[in-house]
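Have a look at the structure below, then the notes.
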Amino acid sequence: MTIDNNLLADSYDAAADYIEQHGWYRGYFAPGTFGTNMSVSKQIQTIQENKLPVCAMGAGYAVGVSLFPEGRPEAALIPATSAFSQINMSKWMRGLEHEIDGQCLPTWNDATGRAKEEVVDLLRITALKLRGPEAGNIGDNPREYEFEPMPASEPVTEPAAPQPVKEPQPA
């Protein structure tokens, strides 16, 4: 499945808006979600319901980016919460990691000295680059950017159909 660049850019802007409104966090998705024995889907639900401060990756989940790729049986377990539900988190992170020279997004987010403004800028700049040079500047801060094309997304392959488990036959 190919994701429209504008939809992906909109999700980065929404994630930046979320961090600006609800706060930024480092160390895990959001405060109170680490070490709680909550499933990741429950952590995402908690973030969305309580408008918790989040890390860069958590911001994607907060605005509805999907935990599972389309076509995986687990994807049906998490209801679509936004138009961004068709975007898978690994695709979402790849766009941001491209902008930070391939660094792991959670590691980059959690780096000592990292500031909320840097995380918001990463999200905004990535969105701007996805929209192309005609998109203009970010907010009231005119900046100059060199644009390069984003890497093409790989097509999503259909997962293999589950195979039934053969029960052992009594002897």
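The values are calculated or read from the model by the stated rules, or taken from the named source; none is laboratory data. All figures in this text were calculated on a predicted structure; none of them were measured in a lab. Using ideal geometry, Cβ is built from the backbone for each residue, glycine included, and neighbour counts are taken over all protein chains shown. We work out accessible area using only protein heavy atoms, side chains counted, and drop any ligands, DNA or RNA first. Shrake-Rupley method; radii C 1.70, N 1.55, O 1.52, S 1.80 Å.
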Query raised in the report: Which members of region 1-16 meet the condition of being in contact (Cβ under 8 Å) with a residue 24 or more places away in the chain, closer than 21 Å to Leu123 by Cα and open to solvent by 60 Å² or more (accessible area, probe 1.4 Å)?
Result: Thr2, Asn5, Asn6, Asp10
Query raised in the report: Under the condition of being open to solvent by less than 20 Å² (accessible area, probe 1.4 Å) and at pLDDT 90 or above, which residue from region 24-57 is farthest from Leu105 (Cα to Cα)?
Result: Val54
Query raised in the report: Is it the case that region 119-132 has a residue that's within 20 Å of Ala16 (Cβ to Cβ), at pLDDT below 90, more than 17 Å from the chain's Cα centre (by Cα) and surrounded by fewer than 16 Cβ atoms within 10 Å (Cβ to Cβ)?
Result: yes
